[in-house]
Amino acid sequence: MFDEWNTLCLFYTPKKVSYHIYKNIWRLKMGKDLNGKELGRGITQRKDGRYMGRIHIRGSKKEVTLYDRNLKMLKNKVNTYRALAGTSQWDISMTVTEWFEQWMEIYNVPVLKATTIRNYWDGFKRIQPLIGDRRVIDIKSNNILSALYVLKENGYAPATIKQTFTILKVMFSMAYRVRAVLYNPCEGMRAPTERTHQEIIEREESQNLEKDVQRFLDVCRHTRYYELFYILSRTGLRIGEACALEWKDVDLERKCIYIDKTVNKVKKYYDSKGRKMESSKMVAQITSPKKQASYRIVPISDETVNAFAAWKTKQLADKQRWGRKRGNKK
């Protein structure tokens, strides 16, 4: 029941409130094209022929404006945005770069090693100029595939392209889980990593390296690190694994090496509290191997045992000569 006063005041509102009522009514009005034909709620046609759709983000003062010369394509975009605006906890106008930075800080930095963080950043930087400024919701499978082909044309190796694609796939998978996108655009795709005929030939030629390795060892026989070069060539150790070895890891009697750590020189993007630094810096660190398969026991030959023994003799001579000052910077 309305009394007379309520009836008289029903449509009386302060100027600010009436503006918002008018604004919301305007959003509900049917838009028209240049010929006066109704297009749908919030969709209009501009004088340049492009169709324009506006979506209000629930719980926010922001609006998203979309454009397309194809009306059907625009309506698909509008419907997609409206679905996300009602379910997503994230700003649907967020760019790919902004989502990558949030994804790193929230889900990766607290749990991943510095080497993995560096690899994620390096992998994303390759493709950032191609898709970084685009909104996450706008990214489709063909956008990612086109960007990967650009990397291939720029001479990146198949393994490098695959790494970048893997980063994007995991990143968009999390975006889907938090409802920042309606689907993962990387799902069902394959990175363009097929090798060309020339690449196959070069790979086969690179597998026959024994003569080149022996020539290299002959040249550096009388250098400071000959034993290190010999050990690397005969054991297949990575340089980081070799540099992280301690004498307790080398069993000359049983002729084997125990690998359980590595030295990495990495670029750090975040401080010890997980905050992004203004500028990155390079640091060296000893860490456990990234993969479980990297923990292993490597058998060594008699020649490799002799190389370790020769290096130990050289190391003891250094200690006697330099004492505790050995290894200090000038």
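The values are calculated or read from the model by the stated rules, or taken from the named source; none is laboratory data. What you see is a predicted model, and the numbers here were worked out from it, not measured in a lab. Quick reminder, even Gly has a Cβ in these numbers, built from the backbone with ideal geometry, and neighbours come from all protein chains shown. With ligands, DNA and RNA removed, areas are computed over all heavy atoms of the protein, side chains included. Shrake-Rupley method; radii C 1.70, N 1.55, O 1.52, S 1.80 Å.
Data for the structure
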read-out	value
Residue selected from the range 22-59 under the condition of a type in the set (Asp, Glu) and at pLDDT below 85, by the criterion surrounded by the fewest Cβ atoms within 10 Å (Cβ to Cβ)	Glu38
Residue ID - least open to solvent (accessible area, probe 1.4 Å), chosen from residues in the range 123-166 that are of a type in the set (Ser, Thr, Tyr) and assigned to a helix (DSSP H, G or I)	Thr164
Failed item, numbered, when Asp271 is tested on (1) among the acidic types (Asp, Glu); (2) over 30 Å from Ile106 (Cβ atoms); (3) open to solvent by 40 Å² or more (accessible area, probe 1.4 Å)	(2)
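Quick grid of which residues meet (1) under 26 Å from Lys281 (Cβ atoms); (2) modelled with pLDDT of 85 or more:
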{"position": "Asn70", "(1), (2)": "no, yes"}
{"position": "Ile92", "(1), (2)": "no, no"}
{"position": "Val96", "(1), (2)": "yes, yes"}
{"position": "Lys113", "(1), (2)": "yes, no"}
{"position": "Ile117", "(1), (2)": "yes, yes"}
{"position": "Trp121", "(1), (2)": "yes, yes"}
